[in-house]
Amino acid sequence: MELQLTNLTKTYSNGVKALNNVSLTMGAGLFGLLGPNGAGKSSLMRTVATLQEADSGSIAFSGPFGTIDVFAQPDALRQRLGYLPQEFGVYPRIAAETLLDHLAVLKGITNSRERKETVTALLHKTNLYNVRTKSLGGYSGGMKQRFGIAQALLANPSLIIVDEPTAGLDPGERNRFLNLLGELGEDRIIILSTHIVEDVQELCRDMAIVNRGTILFQGHPDEALATVSGRVWRKRVSKAELTDLKENANIISERMVAGDPVVHILADTNPGAGFQPIEPTLEDVYFTNILGIQQPAL
């Protein structure tokens, strides 16, 4: 199974270039699309989901069912697509079981027995069966997101797109949601679009970093880490020293720890007294790419 995006471009009427010659190849499993807010992730997801057209380029989705030219055959893709957008609304006064049954009808599951079995199975899979008769307005944020995955799984899609699914969830709900995604990614393509680095590092076998509509990196998270291996240094500094470092060093990130700034710097050699080499994280790779810090070719 493969999703092939080739040279996608999209410019909105206000002049914003949301997609700039984007090419990606995705196979079965979880694919992490990582970037800051406004990077073009949602534009890319909406284009793949056939909710908007690209100005140019192509998308092909291949599997046991053959090959679908997504722009020429949007209905064929929609039959195999599950989509959980960033803004997912529910009818607050309707029970989860009732709404999921209604959405199943819209998905083409018209046989009542098959529909009941499907709805029951999905409520169990998303751990919502015991609250199936509760109105969706009384669900927590994480429960609503799990309901969103349940509706996305109707008709057993081969491609699932989830856009910023863990934003706003508490740590417990986030872990439950990510575990669910991990279980689902065995035999289908799941695109996880997020700005949360840990979501990608914990789940995805393949990933891309995007900013300003441009792909900055694609590969396995381990390949991403290799690009900065042995070149990340850490130090707790004074505020005066931080000002100097901002002018003379490649600061990847800075954060306050016990009232003092702690910086990560990208350098081929020790950048100064007190700096310690550290094992890089995917966050270091992410900021290195987003900030445009130049790296040598591997």
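Note on the stretch 89-104 and the stretch 29-44: Cα centroid distance 28 Å, given to the nearest whole angstrom. Comparing Gly66, Gly38, Gly29 in a Gaussian network model of the chain where C-alpha atoms under 10 Å apart are linked, the largest mean-square fluctuation is found at Gly66. Heavy-atom accessible area with a 1.4 Å probe sorts Ile161, Ile293, largest first, into Ile293, Ile161.
A Stokes-Einstein calculation at 10 °C with viscosity 1.306 mPa s, built on the Kirkwood radius of the stretch 230-279 over Cα pairs, returns a diffusion coefficient of 148 µm²/s. The heavy atoms of Thr6 present about 50 square angstrom of accessible area, all protein chains included, probe 1.4 Å. Lys and Arg at +1, Asp and Glu at -1: add these up for the other residues within a Cβ distance under 11 Å of Gly29 and post the number. Summing Lys/Arg as +1 and Asp/Glu as -1 gives -1. Taking all protein chains as shown and a probe of 1.4 angstrom, Arg176 keeps an accessible surface of around 120 Å².
Among Tyr139, Tyr83, Tyr129, the sequence by solvent-accessible area, most first, with a 1.4 Å probe is Tyr129, Tyr83, Tyr139. For the stretch 161-257, DSSP calls about 60 percent of its internal beta bridges antiparallel. Given the stretch 86-149, what whole percent of its Cα pairs are spread farther than 15 Å? The answer is 46 percent, as a whole percent.
Residues Lys144, Lys235, ordered by accessible area of protein heavy atoms at a 1.4 angstrom probe radius and largest first, appear as Lys144, Lys235. Per residue, the solvent-accessible area of the stretch 230-279 (1.4 Å probe, heavy atoms of protein chains only, all protein chains present) comes to 60 Å². Surface composition of the chain: carbon plus sulfur atoms contribute 47% of the solvent-accessible area (1.4 Å probe, protein chains only, all chains present).
Report for the chain the percent antiparallel among DSSP-assigned beta bridges with both residues inside it, nearest 5.
The antiparallel proportion sits near 65 percent.
Using only helices, what value at 222 nm comes out for the chain when you add -39,500 (n - 2.57) per DSSP H run of length 4 or more and divide by the total residues, to the nearest 500 deg cm²/dmol?
Values: 10 runs with 96 residues, N = 298.
Calculated from helices alone, the mean residue ellipticity at 222 nm is -9500 deg cm²/dmol.
Electrostatic tally near Leu225: other residues with Cβ closer than 12 Å to its Cβ, Lys and Arg +1, Asp and Glu -1, net -4. Each residue was assigned an accessible area with a 1.4 Å probe, and for Asp268 the value is about 110 Å². Lysine pairs in the chain with alpha-carbon atoms under 25 Å apart, 8 or more places apart or on different chains: how many are there? Taking the Cα cut-off of 25 Å, the pair count is 14.
The values are calculated or read from the model by the stated rules, or taken from the named source; none is laboratory data. Note that the structure is a prediction, hence the values are computed from the model and not measured. Counting neighbours? That spans all protein chains shown, and the Cβs are built from the backbone with ideal geometry, glycine included. Heads up: the accessible areas ignore ligands, DNA and RNA and are worked out on the full protein's heavy atoms, side chains in. Shrake-Rupley method; radii C 1.70, N 1.55, O 1.52, S 1.80 Å.
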